[in-house]
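Beneath this line is the structure, given in structure tokens, with notes to follow.
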Amino acid sequence: MFSFFRKKPAPAPAAAEPAPLEAAAAVSPAAVEASVPAAAEARGGWFNRLAQGLRKTGAGIATVFTGTRIDDALYEDLEAALLQADAGVAATQFLLDDLKRRVKEAKATEPAAVKGLLVDALAELLAPLQRPLRIGAVEPAGPTVIMVTGVNGAGKTTSIGKLTRHLAESNCKVLLAAADTFRAAAREQLAVWADRNRVEIVSQEGGDPAAVTFDAVSAGRARGCDVVIADTAGRLPTQVHLMEELKKIQRVIGKAQAGAPHEVLLVVDGNTGQNALAQVKAFDAALGLTGLVVTKLDGTAKGGVLAAIARWGAERGPGQGPVPVYFIGIGEKLEDLQTFDAREFAQALLE
């Protein structure tokens with residue numbers, strides 16, 4: 001199953017001729033129909049792994065609904081559980097107010113019913129974060145350039161490797177830019193992913209990160225690549241000189257290809273809880289993030305931070321809106337990085 005991105009539709013030819021009958025019959029209706037349940041089955045397998053991965057976060061919340069009464073004590077326990085899961089004060093209060101409204105409207109009398117209503121409330125809160133990563137059809141013509149950032153240890157390079165694998169399997173021509181030139185291991189790690197996925201890589205030992213990225217984008221344009229992914233050095237948002245270097249890389253990418261980078265992704269470690277939200281705010285202020293990848297949700301009881309990110313996005317200034325969560329990760333395997341689905345996440349959390 002592959003559903004990591006939606007390719008932007010290419011404009012239709014001006015005077016397309018009807019396809020010959022034999023070409024139209026190349027794919028039978030039966031083959032098309034057979035692919036639908038196969039995809040559904042694969043997504044079902046992902047849901048089971050996601051529910052298992054989120055168990056540390058969801059266990060404390062789910063136990064709130066094991067009682068027999070809907071009263072103030074239930075809501076107080078739920079508030080404590082959401083805060084414990086690092087949903088944050090703003091998102092917790094929003095969810096409690098919304099849940100009480102839903103309980104009143106539904107005339108719910110059993111705690112189990114309240115749990116289902118919380119799934120609905122959480123799914124609605126998270127819905128604005130659900131958006132597909134789009135590849136292709138950029139203007140002016142050229143590869144889709146993705147700049148990936150994050151602090152050390154967030155799983156940035158591994159996430160790039162997994163995304164590259166899926167893109168390559170979807171017949172996208174991918175080129176990687178090893179712009180983390182400070183840490184030799186990072187360059188070598190990305191080279192391993194490039195070799196494993198049979199894609200090209202532009203790398204320099206000890207070179208200037210911006211220069212490496214410029215060369216990669218230029219090479220991607222010349223070689224007709226669909227995607228160029230730049231892996232940048234991990235850094236804390238408090239390291240001002242390094243954040244300035246990220247801004248330089250972003251500017252240089254724009255010089256190599258007008259309008260690029262088309263995506264600026266931040267990889268955040270779900271284990272960091274509210275600190276993940278602080279990272280999102282800091283990197284967004286510096287670079288203008290277009291998307292997030294939230295990793296390691298299986299190793300934390302702080303997965304509620306997605307609710308905090310959603311509420312922060314809803315409260316941003318006019319014309320800004322939320323920063324979407326393109327992917328979430330729950331393990332080391334290739335299939336453990338998947339697209340984010342708001343309702344699926346809410347259901348898995350409270351499974």
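Any chance you could list the semi-axes, whole Å, largest first, of the equivalent ellipsoid that the Cα gyration tensor gives for the range 233-279, using √(5λ)? Don't jump to the answer; show the numbers that get you there.
Values: eigenvalues 120, 37, 9 Å².
Over the Cα atoms of the range 233-279, the semi-axes work out to 24, 14, 7 Å.
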Could you work out how far apart the two model spin labels at residue 185 and residue 332 are, taking each label as a point 7 Å from the Cα in the direction of the beta carbon, and quote it in nm?
1.4
Taking the C-alpha atoms of the range 172-212, convex hull volume expressed per residue in Å³:
56
Between residue 48 and residue 208, the FRET efficiency computed from the C-beta separation at R0 = 45 Å comes out, to the nearest 0.05, as 0.45
Enter the Cα centre distance for the pair the range 85-118 and the range 170-216, rounded to the nearest angstrom.
46
Nearest 10 degrees is fine. How inclined is helix 89-106 to the longest principal axis of the chain, computing both from alpha carbons?
60
Semi-axis lengths, Å, the range 111-251, gyration tensor of Cα atoms, sqrt of 5 times eigenvalues:
31, 20, 15
Would you mind checking the pairs 162/281; 56/107; 56/302 and listing those with alpha carbons more than 20 angstrom apart?
162/281; 56/107
For the range 261-351, the Rg and Dmax computed from alpha carbons only, in angstrom
12.8, 39
Can you tell me the 0 to 90 degree angle between the C-alpha axis of helix 209-222 and the longest principal axis of the chain, rounded to 10?
70
Taking the Cα centre of the chain as origin and charging only Cβ (+1 Lys, Arg; -1 Asp, Glu), how large is the dipole, in debye to the nearest 20?
420
With springs only between Cα atoms under 10 Å, which of 61, 229, 328 fluctuates most in a Gaussian network model of the chain?
61
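For the chain, report the convex hull volume of the alpha-carbon atoms normalised per residue, in Å³, without decimals.
Working: hull volume 58.5 nm³, N = 351.
Considering the Cα atoms of the chain, their hull volume per residue is 167 Å³.
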Residue 59-residue 240 FRET efficiency (beta carbon distance; Förster radius 45 Å; 0.05 resolution):
0.70
Could you tally the net charge around residue 157, taking each other residue with its Cβ under 15 Å from the Cβ of residue 157, Lys/Arg +1 and Asp/Glu -1?
+2
To the nearest 10 degrees, the tilt of helix 274-287 (Cα long axis) against the first principal axis of the alpha carbons of the chain is 40
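Calculated from DSSP H runs of 4 or more alone, at -39500 (n - 2.57) each and per residue, what is the 222 nm mean residue ellipticity of the chain, nearest 500? Let's see the in-between values first.
Numbers: 13 runs with 175 residues, N = 351.
Mean residue ellipticity at 222 nm (helix-derived): -16000 deg cm²/dmol.
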Given just the C-alpha atoms of the range 270-323, how large is their convex hull per residue in cubic angstrom?
66
For Cα pairs less than 8 Å apart in space and 6+ apart in sequence, what is the mean separation divided by the residue count of the chain, i.e. the relative contact order in percent?
26
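With r defined as the distance between the Cβ atoms of residue 248 and residue 141 and R0 fixed at 25 Å, what FRET efficiency is calculated, to the nearest 0.05? List each step's numbers first, then the result.
Details: r = 25 Å, r/R0 = 1.02.
It comes out at approximately 0.45.
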The range 42-78-the range 268-297 distance, computed between alpha-carbon centres (Å)
24
For the range 129-210, projected area of the alpha-carbon convex hull averaged over all directions, nm²:
6.5
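Each value in this text was obtained by applying a stated rule to the coordinates, not by laboratory testing. Note that the coordinates shown come from a computational prediction; the quantities given were computed from them, not determined experimentally. Note that we place each Cβ from the backbone using ideal geometry, even for glycine, and neighbour counts take in every protein chain shown.
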